[in-house]
Amino acid sequence: KPKQKPFFLNVAYFATHAVDGDTRQYMPQNKSMAMYENDTIPIPATATEEAWQKMPYFFRPKSGGMNEGRTRWMWRYDEPDKHQRMMKNYYRMASEVDTSVGIILKELEMQGQLNNTMIIFTTDNGNFHAEHGLADKWYPHQESIRVPLVIKDPRMSPEFFGTTNDEFTLNIDLAATVLAAAGLDPLPTMMGRDMSILYRKNGFEGEVAATTSQSRRKAFASTNGRQYIDPSSDGGGKYHSGSESSWRTEFFYELPMHSHPDYIPSSEALVRKDYKYFYWPNFKYEQLFDLKNDPGELNDLITSKNPVHQTKLKEMRKRFVELKMMAHSDLPVIL
């Protein structure tokens, strides 16, 4: 590229994907095979038959079909030795990606561009490694929907160097973040926001969303005509999709049906840090999990008689519908 012009580079890796149809599944390079050879990969706490039996009934279809997540579990994790072999090869492939990224960073350094370049490393999904008796992705559990996100940005405030952040950042934020770095506004129909505000200047300190009409008019004017939606009716402003002075504390998740509900059922969710509400549209099936006390998402509270759980379910059902309607609309909103 001309040295005086900006550039954009997108690099996508096949690793750490498995090779469908090959019993080896994960196929690292030969030179990587010595890595992790003498290590023992920990087995997830929820990689149990009990956890599998707690999955909804339609994961064990009576039609004779097979849930794809369970099929791939049998390909990879149904025996202890196989589990170790698969995970070691998976980590070898991840290490190969790490090496490749290091080569790119070194080249940027040699060209004198490393400290002038914004770098975003992320992936398109998480992965089950036998948690809940499953493999791969597709479902609303933490293992599936949480993805890596690493950002190096020359505009980052020094106090954020090398730190972690547990705010809810989403794939819809990527475009807005890249556009902002280029000095451009997101399109009105884009529902994400610039993630750099989390690590520039002082970051965000407040959690409660602005609720006054005056504050919302001000926010509307400062977001290129896009509007922050009202906070949830429960929580006193604690649960919201963000405001001018705060980052989102909840979000709507969805995965459309893939081919057939017995194969990969559609799933939706309202995700918060304390509770998560699942909805499986093909079966009109609900679940509710207390993430603070049950981070493994094993104990479904949907039929709980506890008044706290019943109230939470009622409120989250309502908010779930609100966010879903917004996400499916063409309104200029920020989610």
Worksheet item: Mind checking which of Pro265, Pro80, Pro28 has the largest fluctuation in a GNM of the chain, springs on alpha carbons under 10 Å?
Response: Pro80
Worksheet item: Could you give the accessible area per residue of the stretch 23-86, probe 1.4 Å, as a whole number in Å²?
Response: 63 Å²
Fill in: Contact order relative to length of the chain, as percent, for alpha carbon pairs under 8 angstrom and 6 or more apart
14 percent
Worksheet item: Using the eigenvalues of the Cα gyration tensor, what equivalent ellipsoid semi-axes result for the chain when each is taken as the square root of five times the eigenvalue, whole Å, largest first?
Response: 34, 32, 17
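Order the following by accessible area, largest value first: Phe168, Phe58. Probe radius 1.4 Å; ligands, DNA and RNA are ignored. Can you show the working numbers first?
Numbers: Phe168 35, Phe58 5 Å².
Result, largest first: Phe168, Phe58.
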Item to complete: Find the eigenvalues of the gyration tensor of the Cα atoms of the stretch 14-162, then list the square roots of 5 times those eigenvalues as equivalent ellipsoid semi-axes, largest first, in whole angstrom.
Response: 35, 19, 13
Worksheet entry | Charge dipole of the stretch 1-95 about the Cα centre (unit charges at C-beta), most positive-ward option of Asn89, Ala15, Ala47 | Ala15
Fill in: MRE, 222 nm, helices only [DSSP H, n ≥ 4, -39500 (n - 2.57), over the chain, to nearest 500]
-8500 deg cm²/dmol
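Evaluate the Kirkwood expression for the hydrodynamic radius of the stretch 1-70, namely the inverse of the mean inverse distance over all pairs of different C-alpha atoms, and round to one decimal in Å.
Values: mean 1/r = 0.0573 Å⁻¹.
Its Kirkwood hydrodynamic radius stands at 17.5 Å.
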Worksheet item: How much accessible area does Lys5 have with a 1.4 Å probe, in Å² rounded to the nearest 10?
Response: 130 Å²
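For the stretch 282-332, would you read off the P(r) tail past 12 Å as a percentage of all alpha carbon pairs?
Working: 901 of 1275 pairs.
Counting pairs separated by more than 12 Å, the tail of P(r) holds 71 percent.
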Item to complete: Calculate the radius of gyration of the Cα atoms of the stretch 65-109 to one decimal place, then report Dmax, the largest Cα-Cα distance, as a whole number, both in Å.
Response: 16.0, 53
Item to complete: Using a 1.4 Å probe and counting only protein heavy atoms, arrange Arg155, Arg146 so the residue with the most accessible area comes first.
Response: Arg146, Arg155
Worksheet item: Probe 1.4 Å, all protein chains in place: accessible area of Glu37 in Å², nearest 10?
Response: 110 Å²
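Can you sort His309, His83 by 1.4 Å-probe accessible area, starting with the largest? Mind showing how you got there, number by number?
Numbers: His309 30, His83 10 Å².
Ranked from most to least accessible, the order is His309, His83.
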Practice prompt. Provide the solvent-accessible area of Tyr77, counting protein heavy atoms only and rolling a 1.4 Å probe, rounded to the nearest 10 Å².
Written response: 10 Å²
Discussion item. Once neighbouring chains are kept in place and the probe is 1.4 Å, which whole percent of the accessible area of the chain is contributed by carbon and sulfur?
Written reply: 55 percent
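Using Stokes-Einstein with the Kirkwood hydrodynamic radius over Cα pairs, what translational diffusion coefficient do you get for the stretch 236-335 at 25 °C and a viscosity of 0.890 mPa s, in µm²/s rounded to a whole number?
On the way: Rh = 14.6 Å.
Rounded, D is 168 µm²/s.
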Fill in: Three-way shape call for the stretch 95-208 based on the alpha-carbon gyration tensor, with the a/c threshold at 1.5
oblate
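The values are calculated or read from the model by the stated rules, or taken from the named source; none is laboratory data. Please read all numbers here as calculations on a predicted model, not as lab measurements. No Cβ is skipped: glycine too gets one built from the backbone with ideal geometry, and neighbour counts run over all protein chains shown. The protein model used for the area step is the full one, side chains on, heavy atoms only, and it has no ligands, DNA or RNA in it. Shrake-Rupley method; radii C 1.70, N 1.55, O 1.52, S 1.80 Å.
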